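Notes follow once the structure below has been shown.
The values are calculated or read from the model by the stated rules, or taken from the named source; none is laboratory data. Predicted model only: the values in this text are computed from it and were never measured. Cβ: placed from backbone, ideal geometry, glycine included. Neighbour counts: every protein chain shown. Side chains included, ligands, DNA and RNA excluded: accessible areas come from the protein's heavy atoms. Shrake-Rupley method; radii C 1.70, N 1.55, O 1.52, S 1.80 Å.
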Amino acid sequence: VHYRTYDVTKLLRQGENALGAWVADGWYSGYIGYAGQRDYYGKLPRVRIQLQLDYADGSHQIIGTGPGWKATTGPVLEADFLKGETYDARKELTGWDEPGYDDTGWQPVVIGSEEHPLMQADPGPPVRVIAEFKAKTIREPKPGIYVMNLGQNFAGIARLKISGHRGQKITLRFGERLKPDGTVYTANLRTARSTDTYICRGGGVEVWEPHFTYHGFQYVQVTGLTKPPKEDTVVGLALSSDTPVVGSFHCSDPMLNQLHSNIYWTQRANFMDIPTDCPQRDERLGWTGDAQVYIRAATLNCDVEAFFTKWLVDLITDGQRADGEFPMVAPVKVAGDDGGPAWADAGVICPWTLYEGDGDRRALETYYPAMTRFFAFYHNRSRPDL
């Protein structure tokens, strides 16, 4: 289980402060993949927080989570990567994150864990907003149904800005293409609902963006508005693992330039903590075949060493079978652990390609024993009589 650290000095103030968190299912207990199941890792999401205060006199103080904490349900009513997020602004708890808040109605937290994993600092880059896109066109294919074309296919979320009446429900549906009637095409999403819902509190301008989901899309279909949207009613926020851009391409052929742009945005959309196969449908798994095919192009676009160094732990350290075979998906969830030709080869191709890209031998040195076990597996499974 990975953790991240943040410098929160600028958030502290003299006197009393408040420390809290929003907690949702995430990878741990949310829906993963195409099997229509959840809770692959556990059913009880947990959060562990440690605030370390370093004072000018050299002393230290640590404030952490524990049995003295309390919890309650807030305005986030649904939060899932594949399904989407539902937020009821009428249920916002004003001042909950400020000192002096009355938490009398809150319940004591349940402590303890279903698992007792090794906790490590996350070796990979964080997922961040890398770009914003406003609508290029706004259409109304059917009465009350507005479709906004953001002009770029990407993975991320939508920021909603609205002045609505209390209880007004705004629904956002996401898709990569349109149906002939001009509405958003969603058949390719399969069971991924990819729908965000916002219920207005009323009384002025409200700005909201989800915290616990993401979608693959170019088009946003908006319903529940009382008047046509403006270009800033819905703004797309592209998310991706924060891998620094190190390469560029430009030539005299517009089609080749567009092809490179497509390749780049495919990488950005699918490098979401793990190298996924797609960012939109009910899959988004770390398919090893996809990763080994694409890694060379990835190294030319961005510095992906930290990103793949993290994923190689999922693939090799955690995913390799006792007989030496590598899986077809890493982390090994939903799909089987027998990678098969090409997919399993990622355990050798990816470390070697990282070395080719920057000359760093550490991944090769670390995983050389695992690679030899993999080739022994190939040898043991081969049929010389065929």
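Points worth noting:
- When restricted to Cα atoms, the chain yields an Rg and a Dmax of 23.4, 79 Å, respectively.
- Taking every protein chain into account, the accessible area of the stretch 53-166 amounts to 60 square angstrom per residue (probe 1.4 Å).
- Alpha carbon Rg of the stretch 284-374, scaled by the compact-globule rule 2.2 N^0.38 Å: 0.98
- Portion, in percent, of the accessible area of the chain that falls on carbon or sulfur, probe 1.4 Å: 53
- Length gained on full extension, Tyr378 to His250: 41.9 nm, using 0.36 nm per residue less the C-alpha separation.
- Measuring spread by the Cα atoms of the stretch 6-162 yields a radius of gyration and Dmax of 20.2, 66 Å.
- Three-way shape call for the stretch 22-105 based on the alpha-carbon gyration tensor, with the a/c threshold at 1.5: oblate
- Around Pro75: net Lys/Arg minus Asp/Glu count, Cβ-Cβ under 15 Å: -3
- Candidate cross-link partners of Lys136 among the lysines, defined by an alpha-carbon separation under 19 Å and a same-chain spacing of 8 or more, comprise Lys161, Lys179, Lys227, Lys230.
- Using the 1.4 Å probe convention, the accessible area of the stretch 225-362 works out to 43 Å² per residue with neighbouring protein chains retained.
- The mean sequence separation of alpha-carbon pairs under 8 Å and at least six residues apart, normalised by the residue count of the stretch 114-249, gives a relative contact order of 41 percent.
- Qualifying GluC sites (Glu not before Pro) in the stretch 85-177, where qualification requires a DSSP coil assignment and no more than 16 other C-beta atoms within 10 Å, comprise Glu92, Glu114, Glu115.
- Annotation: amide H-H contacts under 5 Å for Gly84 (H modelled 1.01 Å from N, sequence separation of 5 or more, or interchain): Ser194, Thr195.
- Prolate/oblate/rounded label for the stretch 191-326 (Cα gyration tensor, a/c 1.5): oblate
- Residue order by solvent-accessible surface for Tyr378, Tyr40 is Tyr378, Tyr40, largest first, with ligands and nucleic acids left out and a 1.4 Å probe.
- Here the spin labels are modelled as points 7 Å beyond Cα on the Cα-Cβ line, and at Asp57 and Val8 they lie 2.3 nm apart.
- Per-residue ³J(HN,Hα) for the stretch 43-53, Karplus 6.51 cos²θ - 1.76 cosθ + 1.60, θ = phi - 60°, Hz, x for Gly and Pro: 10, 10, x, 9, 10, 10, 10, 9, 9, 9, 9
- Linear extension gain, Asn262 paired with Trp27, 0.36 nm per residue minus alpha-carbon span: 81.9 nm
- Label positions at Ala187 and Ala322, each projected 7 Å from the Cα along the C-beta direction, are separated by 4.6 nm.
- The stretch 81-224: C-alpha gyration tensor shape, a/c 1.5 cut-off, then a/b vs b/c: oblate
- In plain terms, the chain from Thr72 to Asp232 could stretch by 54.3 nm, reckoned as 0.36 nm per residue minus the Cα-Cα distance.
- DSSP-loop trypsin sites (Lys or Arg not before Pro) across the stretch 84-149, with at most 12 other Cβ within 10 angstrom: Lys136
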